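**Student:** Can you read through this structure? Questions will come right after.
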Amino acid sequence: MRICVIGAGYVGLATAVMFGKLGHSVVCADIDEIRVKMVNSGKLPFYEPPLEKELAKLVRTRKLKAVEDVVSAVADSSIVFICVQTPSMPSGRIDIRPVKAATKSVGKALRKCRDYKVIVMKSTVVPSTTDSVVQPILEITSGKKSGVDFGLCMNPEFLQEGSALKDSMEPSRIVVGSACRRSGDVLMKLYRPIDSPRFRTDLRSAEMIKYASNAFLATKISYSNEIANMCVRFGIDSGPVLKAAGMDPRIGPLFLKPGLGFGGSCLPKDVKALKDKARSERYDSRLLSALLAINSRQPIEGIGLLETAIGPVKDKRVAVLGLSFKGGVDDIRETRALPLVIELLARGARVVAFDPMAMDNFIKIMPTIEYARSAAECLKGADGCIVQADWPEFKKLGRNEFSKMRQAVIVDGRRCLEPEAVREAGARYLGIGYGPAHRQ
Ligand SMILES: NC(=O)c1ccc[n+]([C@@H]2O[C@H](COP(=O)([O-])OP(=O)(O)OC[C@H]3O[C@@H](n4cnc5c(N)ncnc54)[C@H](O)[C@@H]3O)[C@@H](O)[C@H]2O)c1
């Protein structure tokens, strides 16, 4: 089958590679010339090594290519996945201009075609977007009728950055929302080789499943942070508390770790978008407001922890290790590093930062701080350090690096280091959510 994927981002390229690996011929259409060139040379525009390896193979064997001409790419395909970005606007509402633009290109292509094509919305969009925005644009620009001349589906994506390929090949579930039976059947057939539970719904339910999932994950993280913040004040280590709580199958062990809060391209944006959509229907979601407020406060917990050891950070040199929203990726969208650095600067600290992969991206949004070329250089002369992202290489820091700090104080904002190992290497360890034993 010939498949067109619109948008060569995380979701688009993971989808393209997955279908390429299943033996389909895939064309990836993107308006960004640089991305198109990168994909055609087998390179990803972001850091995701296993996905890049498979992409390179597919490009080499001509199973996958990228083009700038979206209209022709759609015209030559039987199934079209719309995977463009849906970023947050300042109000929290999602910006669907990229979705509208991509949809218009699809409509233009449909106008010229005679065959039945299935258009699949994969971008995360709030309930009713696919039937009340995408469908009318498709029908007006193509002059054709949904459910008759073309099919329309909504197929939310659940992949996590850092494991994009694995999550695409082995998804926890495949949700197929469709406007009509025929288009849903086509998509179900396409996914047949993937051995995962399937769920068929209407378009709006499929859209809402994505938001319900991300709202729950965000709630779980903010819940963990709230419990941890209370544990700390009660003189208790939150680690065993959350671990034991998570052993209840109704709660589950994953995403129950305190930290500096959630970031990334999805959770903050999706929670804000759902809250905004609820508000537009005159429903004030107090739960979503509370979990966002808890999330905004978490970086301050980390700074507070540092200040218990070194006093006010004013005029102190503070090292920030890890700038991406989590270890293993170079994505800085909604990274907690940004509010962390802003708050440190507001308190008068001199900030020096390092990240193994995300530094170039972070410099663009925060050009005024000092950047180090390695974690070791970052720690040199620092009065304290906050580990913001759980990069595995930070675990290797030891006596050599800590001994060059002015004050060897490490705040583990992601509970990713071994407290004993840090202490044995001569530094003071302060872990977020830990009890008194790890705060001395
Ligand atoms: N990144 C994730 O982990 C993830 C996971 C699940 C769902 N999602 C959702 O999937 C969607 C895509 O996210 P992403 O992270 O892949 O985005 P991205 O920003 O990485 O990529 C989007 C791509 O679409 C291209 N594009 C924009 N307008 C276009 C147009 N009119 N025609 C052709 N190409 C166009 C852009 O140039 C860009 O390359 C979003 O709605 C997001 O919420 C993302």
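The values are calculated or read from the model by the stated rules, or taken from the named source; none is laboratory data. Given the structure is predicted, the values throughout are model-derived calculations rather than measurements. Backbone-built Cβ (ideal geometry, glycine too); neighbour counts: all protein chains shown. Just so you know, the surface numbers come from the protein's heavy atoms only, side chains and all, with ligands and any DNA or RNA stripped out. Shrake-Rupley method; radii C 1.70, N 1.55, O 1.52, S 1.80 Å.
**Student:** Can you tell me which of Val148, Val125, Val120, Val133 is of a type in the set (A, V, I, L, M) and under 13 Å from Ile6 (Cβ atoms)?
**Tutor:** Of the residues listed, the single one that is of a type in the set (A, V, I, L, M) and under 13 Å from Ile6 (Cβ atoms) is Val120.
**Student:** Considering the range 248-292 alone, what residues qualify as being among the polar types (S, T, N, Q) and not in a loop (DSSP other than H, G, I, E, B)?
**Tutor:** Ser280, Ser289
**Student:** Going by the conditions given, is Ser25 of a type in the set (S, T, N, Q) and within 20 Å of Ile79 (Cβ to Cβ)?
**Tutor:** yes
**Student:** Residues that are more than 21 Å from the chain's Cα centre (by Cα), more than 14 Å from the ligand (Cβ to nearest atom) and over 23 Å from Asp185 (Cα atoms), at least 1 per element: which strands (runs of 3 or more DSSP E) completely within the range 27-133 meet that?
**Tutor:** Per the criteria, 64-67.
**Student:** Regarding Ala8, is this residue within 9 Å of the ligand (Cβ to nearest atom), touching a residue at least 40 places away in the same chain (Cβ under 8 Å) and open to solvent by less than 20 Å² (accessible area, probe 1.4 Å)?
**Tutor:** yes
**Student:** Only one of Gly177, Gly184 is closer than 30 Å to Leu292 by Cβ and at pLDDT 95 or above. Can you tell me which?
**Tutor:** The unique qualifying residue is Gly177.
**Student:** In the range 47-57, what residues are hydrophobic (A, V, I, L, M, F, W, C) and either surrounded by 20 or more Cβ atoms within 10 Å (Cβ to Cβ) or more than 19 Å from Lys166 (Cα to Cα) (or both)?
**Tutor:** Residues satisfying the conditions are Leu51, Leu55.
**Student:** Moving on. Would you please name the residue that is surrounded by the fewest Cβ atoms within 10 Å (Cβ to Cβ), looking only at residues in the range 229-281 that are acidic (Asp, Glu) and within 16 Å of the ligand (Cβ to nearest atom)?
**Tutor:** The extreme case among them is Asp276.
**Student:** Evaluate the following for Leu159: is it of a type in the set (A, V, I, L, M), away from the ligand (no atom under 14 Å from the Cβ) and in contact (Cβ under 8 Å) with a residue 12 or more places away in the chain?
**Tutor:** no
**Student:** Sort out which residues of the range 301-330 are closer than 30 Å to Tyr10 by Cα and open to solvent by 10 Å² or more (accessible area, probe 1.4 Å), and write them in order of number.
**Tutor:** Within the range 301-330, Phe325, Lys326, Gly327, Gly328, Asp330 meet the criteria.
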